[in-house]
Amino acid sequence: MAGIPIGRLLVEQGVLTREQVKHILDVQRSSHRPFGDLAERLYGVDPRAVEDAWVQQYVSRTGAVNLDELDFDPSVLSVINARQAWQFHLMPIKRDEDSIHVATTAPNLIRCVNFATRRFNEPAHFVIASDRQVRQYMMRHYPVPQYVADYAAQMA
């Protein structure tokens, strides 16, 4: 799936005009820089607006998964500890020859990507699941007292 172009998302959010998007795309063809980077540099777009648009674009491309339908490999759970799981709302699923597969929620995707690039020594493949399911699986595989889970939900 192609997904929604990030420029269109930023126009819909009122962050950029169509003319600005066209200009960024023209510059991008010669500079080969990421669209969001150019939007920030050329038009002072807030990085959070770019991140929000990127998450929206990612979710439009991948959709959400049902964690009950995925095969979990318990051996991959050791790549993070309970604190990290709850802090980042990150649920390791499995490992294949190319990457580690992890689930998170759309609002936590940016934080999880940043964490995974620092923590894992391999590429990470992210899938998006509902907050309810991610919390349910974290409680099953990384159990914590309910007050800790409630606090983590407030911080997310």
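Laboratory data are not the source of any read-out in this text; all were calculated from the coordinates shown. Keep in mind the model is a prediction, meaning the values are calculated, not measured. Cβ: placed from backbone, ideal geometry, glycine included. Neighbour counts: every protein chain shown.
In table form, for the structure just shown:
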{"quantity": "Subset of the range 103-112 (residues that are assigned to a strand (DSSP E or B) and either surrounded by fewer than 20 Cβ atoms within 10 Å (Cβ to Cβ) or not small (Gly, Ala, Ser) (or both))", "calculated": "THR104"}
{"quantity": "Residue tally, condition in contact (Cβ under 8 Å) with a residue 40 or more places away in the chain and in contact with a strand residue (DSSP E or B) (Cβ under 6 Å, 6 or more places away or on another chain), over the range 91-106", "calculated": "2"}
{"quantity": "Helices (runs of 4 or more DSSP H) wholly inside the range 21-102 containing at least 1 residues that are within 15 Å of the chain's Cα centre (by Cα) and surrounded by 18 or more Cβ atoms within 10 Å (Cβ to Cβ)", "calculated": "47-62, 82-88"}
{"quantity": "Members of the range 125-156 that are assigned to a helix (DSSP H, G or I), in contact with a strand residue (DSSP E or B) (Cβ under 6 Å, 6 or more places away or on another chain) and farther than 17 Å from ASN81 by Cα", "calculated": "none"}
